[in-house]
Amino acid sequence: MTTPRPRAVVIGSLSLFAVLFVVLTFELSANASTKAKAQANAKARPAPAETKTEAATEPEEPVSEPVESEEPVSEPEEAVLEYVPGVGYVERVPEPEYVEPEPEYVEPEVEEVPPVVTSSS
Amino acid sequence: MIEAIPHTLSTQGWWIVSRSSAMVAFVLVTASVFLGLTMASKPVRKPGFAKTMRALHEQTALAALVAIGIHVVAVFADPWLKPGVAGVAVPFVLSLNRFWNGIGVIAAYMAFMLGLSFYLRKQIGPKLWRSAHRATIVVYVLGLFHALGAGSDTGSLLFLGFAVVTAVPIAILFVYRLGVSRRSSERRHLAAREKRRAAARARLDDAIYDTA
């Protein structure tokens, strides 16, 4: 058996050191760049709640101005699932409650009564 | 990612050096202890085997001391840790992972003392040096615990795999070595007793011869 030269151990140790150094450097750099990207994204993009508000206030396409209607449009009632025997569940919109219209106040016409002329002596 | 490398090196360069050198030191200490135990157990009796093992044992031990030195310098120079001279030189002074770093400092001192004592064995005396050199296993155990307790790469599977895969044969070799040393001391004891008996018998024979 030949006596091993110290060079082998030195080269082996240096190679291991270099490999570890490079791997750790790349790992830390990758982590740093990922973190930086995430921070940049967080800064560029507002919070989801703000996005919704902005989208609601600034729509992409211009919307025609709503035409004011004289009569207020009643909101549609929510559909309710109702079980019908033999048919199954049926979506049913509940009928709006009947509200008796208030009678309009009509001012009674006052008949003009001609003034009564009385003769004076 | 490539753009981030200069920034990483400027801010965390010393940390990377300390981690890399620590891992190299651990590998070399493990190899050196393994070779030393194998050498002492004498599993192979081929001509030249002991010489090769001794050379490798010495080279790995010296390389390990250099790696430990680089690790200590890198920890000292780390701008984030700022341990100061006392932090790296006095055990249990560094506040970060005080216990685990403390045993690391002790392991480093022991490694230097036991490793370099090989070159002073004539002055120390071979018998004393040999019994002191047996404590090298403590350096390995303390180094292992220091790495597991304070190391940044304790969670890495590669490191844990290496530590487990090497710790098991080292433990087996150490137990075997203890057995070998006990058997050889018993053999020496028996040989000495036999020698004393032979001497006594010879004296008795002489006495009988003189009387006759």
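Taken together, the values in this text are just the output of simple stated rules run on the coordinates, not laboratory data. Just so we're clear, the structure is a prediction, and the values are computed from it rather than from any experiment. With ideal geometry, Cβ positions are generated from the backbone for all residues, glycine too; neighbour counts draw on all protein chains shown.
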(Q) How shielded is A:5-16 by partner chains, expressed as the average number of their Cβ atoms within 10 Å of its Cβ atoms? (A) 5
(Q) Beyond a 26 Å Cα-Cα separation, which of these cross-linked pairs lie in this structure: B:K51/B:K195; B:K127/B:K195; B:K122/B:K195? (A) B:K51/B:K195; B:K122/B:K195
Q. Lysines near A:K35 by alpha-carbon distance under 19 Å, same-chain residues fewer than 8 away left out - which ones?
A. A:K43
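If packing is taken as the average count of other Cβ atoms within 10 Å, what order do A:23-33, B:26-36 fall into, highest mean first? If you can, show how the numbers build up before the last one.
Working: A:23-33: 16.6, B:26-36: 23.1.
Ranking, from highest mean packing down: B:26-36, A:23-33.
At a 10 Å Cβ-Cβ cut-off, how would you order B:W80, B:W14, fewest neighbours first? Present the calculation step by step, with values, prior to reporting the outcome.
On the way: B:W80 8, B:W14 18.
Ascending number of Cβ neighbours within 10 Å: B:W80, B:W14.
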(Q) Suppose R0 equals 56 Å. What FRET efficiency, 1/(1 + (r/R0)^6) with r the Cβ-Cβ distance, do A:Y98 and A:V23 give to the nearest 0.05? (A) 0.10
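Give me the net charge of B:A200's neighbourhood, meaning all other residues with Cβ under 15 Å from the Cβ of B:A200; Lys, Arg count +1, Asp, Glu -1.
Working: positive: B:R193, B:K195, B:R196, B:R197, B:R201, B:R203; negative: B:E194, B:D205, B:D206.
Neighbour charge sum, excluding B:A200 itself: +3.
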Q: Treating each Cα of chain B as an identical point scatterer and ignoring solvent, apply the Debye formula and state log10 I(q)/I(0) at q = 0.08, 0.13, 0.14, 0.15 Å⁻¹.
A: -0.40, -0.83, -0.92, -1.02
Q) Relative to the present Cα-Cα distance, how much length would full extension add between B:Y119 and B:V85 at 0.36 nm per residue of separation? A) 9.5 nm
Q.
What distance in nm lies between label points placed 7 Å from Cα along the C-beta direction at B:V93 and A:L16?
A. 3.0
Q) Quick one: Cα centre-to-centre distance for segment B:61-129 and segment B:172-193, in angstrom? A) 32
Q. Taking R0 as 30 Å, what's the FRET efficiency between B:K195 and B:A132 from their Cβ-Cβ distance, rounded to 0.05?
A. 0.60
Q) Listing B:R177, B:R203 from the residue with the fewest other Cβ atoms within 10 Å to the one with the most, what is the order? A) B:R203, B:R177
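Please compute, for peptide B:26-37, the average count of beta-carbon atoms on other protein chains lying within 10 Å of each residue's beta-carbon.
On the way: counts 0, 5, 4, 0, 0, 3, 1, 0, 0, 0, 0, 0.
Taking all residues of B:26-37 together, the mean is 1.
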Q: Please sort A:10-22, B:50-62 by packing, taking for each peptide the average over its residues of neighbouring beta carbons within 10 angstrom, highest first.
A: B:50-62, A:10-22
